[in-house]
Amino acid sequence: MREEDQLQQPLTPEELMHELRFKATELLLREEWQESVQVYTQFINLCQDQISVKSHQNHPDPDLLTKLQKSLCLALSNRAEALSRLRDLTGALKDCDQALKIESTHFKSLVCKGKILLSLNRYSMALDCFKTAVLDPQASGNLETLNGYVQKCKKLEFQSRTGAFDLSDWILSGFRGKSPELAEYTGPVQIKRSELSGRGLFATKNIDAGTLLLVTKAIATERGILSSEDSGENARLVMWKNFVDKVVDSATKCERTHHLISTLSSGEDEDKLEAPEMSLFRPEAEEIGELNEKLDKVKILNVLDVNSLVEDSVSAKVLGRNSDYYGVGLWVLASFINHSCNPNARRLHVGDHVLVHASRDVKAGEEITFAYFDVLSPLSKRNEMSKTWGFHCRCKRCKFEEEMCSKQEMKEIEIGLERGIDVGSAIFRLEEGMRRWMVRGRGKGYMRASFWAAYFEAYGSEKSVTRRGRRIPAVDIVVDSVAEAVGCDERVLKVFMQAFRGNGVSLVDMEKSLKLGRGVHGKVVKKQQALRSLLDSGTHDA
């Protein structure tokens, strides 16, 4: 046979498989993930065909079948690695499971599956994979790394089960280095119909201020430092487009993510939406089957319009961030929390996680709410801000203040403050008015919160306090009532700390400040020196 004829002859299946395997391995080593997936897919299909053909022969060669099975197992594992790098976690997990059906203790597949399960917050299952992998002889060269994964899984599983988080060391280090690794956690809460709007998150038992309610990881985030040269509007638009693309990509590649997003409101027919089971949001939730509905990009865009959280809002102060920082993200479970002008919860953003804790005591059955905007503002300004969010707040505080603001004297006080009258005089008139109108309990807290800017200025001026004497309530009385009405806030805490700093802080005052501090920062700051560090930094901030 001539050489030209030999070159034109088609490759045998064995030769083609060898060529595909070599090419796929080379692409994998070069980290060309998409290309390697394509070639591995060709190899896997051919290998499966050969196994089927050889198995149905009259006298199949067991050694050849074993060799083909091993080749298939390794190819599936390698394709899983490439898919996981492309964030196609559903496809990667399926490949790992197929490989482990061939060889239940296949080292590479176990490690790959463990990493995928860890990124999906399925800590116990990930731990089982890494524990099995450690026993393999191949683990000897990677023992330190594998043991690191084992310890990480144990730590995150414990956090997700108990809610025992501690950010103290990170705070004491001045927020240096990477943010702490956090597990997802769902506390004593459930989703039900809400009188405020559609569906909401509710407490299932009595909860103390500072108690952690949930920790959830973002589906996607987009962050950056806004330019001081312009309004940053163009930068925000670019970030928003990038953010939408990330969410769509994540939902396309992970069925669980797609399903979680599908539980959220798109702003239409809210009353017809069912309240999802809390088991769906727990870290060890079982994988769901394939969704019948196709990915609707328009619907996802509507969902993001309604449910995205901005990290630069007053209620979402990011620990350790500067004033030019801007971030937006989607945290599914946190998206069920409605706004209220007398909120009982706050959120902290740490890395890609959002931590939600009670900012004041919450009763069983009470709806969990946080502020979408600054609630230490008068009713008129809050109404303006709620319009930009596309809703009208109907919380108890707003209803109460609507009645109070109909009084002529209330209108005069607000107009006077806008025109620059003495804040001490304004506070005196407000307090006297509340006495005459027989405003009691939480109502006083609502009114004081609405005029907090005046109280803040008055307590910061010795002259104003001295002139009015006892006719201006003591700082601790006002602080207690505001914290009880709208939860604690950095500004409220700052006034309390400054009031006692000059005279020396007593043990009782320090205990009260620590309690208020937990309302602001939550009980995830366990060490007193860490909480005091936060309190001191808040006191010295402008």
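When the surface is traced with a 1.4 Å probe over the full set of protein chains, ASP305 keeps roughly 100 Å² accessible. Given their separation in residues at 0.36 nm each and the Cα-Cα distance between them, ARG419 and ILE477 gain 18.1 nm when the chain is fully extended. Distance between the 7 Å Cα→Cβ label points at GLN38 and SER104: 3.9 nm. Counting only aspartates and glutamates at least 8 places from LYS527 when in the same chain, those with an alpha carbon closer than 14 Å to its own are ASP166, ASP169, GLU511. Using the Kirkwood radius over C-alpha pairs as Rh, can you work out the diffusion coefficient of the stretch 330-407 via Stokes-Einstein at 10 °C, viscosity 1.306 mPa s, in µm² per second? Stokes-Einstein gives a translational diffusion coefficient of 116 µm²/s. Using the Cβ-Cβ distance between LYS70 and LYS94 with R0 set to 22 Å, the FRET efficiency from 1/(1 + (r/R0)^6) comes to roughly 0.70.
With the biggest extent put first, the Cα atoms of the stretch 8-115 measure 42, 37, 18 Å across the principal axes. Once the Cβ-Cβ distance of PHE158 and GLN408 is raised to the sixth power relative to R0 = 56 Å, the FRET efficiency obtained is 0.40.
Extension gain for ASP536-LEU135 works out to 139.4 nm (0.36 nm per residue, less the C-alpha to C-alpha distance). Each residue, ARG85 and VAL298, gets one label point 7 Å from its Cα in the Cβ direction; the gap between the two is 3.8 nm. Listed by chain and number, the aspartates and glutamates whose alpha-carbon sits under 12 Å from that of LYS113, ignoring those within fewer than 8 places in the same chain, are GLU81, ASP95, ASP97, ASP128. When the listed pairs LYS381/LYS411; LYS23/LYS131; LYS411/LYS444; LYS272/LYS297; LYS363/LYS523; LYS272/LYS299 are checked against a 24 Å cut-off, the alpha-carbon distance exceeds it for LYS23/LYS131.
If you average 1/r over every pair of different alpha-carbon atoms in the stretch 35-194 and take one over that average, what Kirkwood value in Å do you get? Across the stretch 35-194, the inverse of the average 1/r is 18.2 Å.
For the chain, the extents of the C-alpha atoms along the principal axes are 112, 48, 47 Å, listed from largest to smallest. Sorted largest first by accessible area at a 1.4 angstrom probe radius, with every protein chain in place, the residues GLU284, GLU367, GLU403 fall in the order GLU403, GLU284, GLU367. Subtracting the Cα-Cα distance of ILE225 and PHE391 from 0.36 nm times their residue separation leaves 56.8 nm of extension gain. Taking label positions 7 Å along the Cα-Cβ direction at both THR12 and ARG436, the computed distance is 10.5 nm, reported to one decimal.
For ARG161, the accessible surface of its heavy atoms amounts to roughly 140 Å² (probe 1.4 Å, protein chains only, rounded to the nearest 10).
The values are calculated or read from the model by the stated rules, or taken from the named source; none is laboratory data. All figures in this text were calculated on a predicted structure; none of them were measured in a lab. As a convention, Cβ positions derive from the backbone with ideal geometry for all residues, glycine included, and neighbour counts pool all protein chains shown. The accessibility values were calculated without ligands, DNA or RNA, using every heavy atom of the protein model including side chains. Shrake-Rupley method; radii C 1.70, N 1.55, O 1.52, S 1.80 Å.
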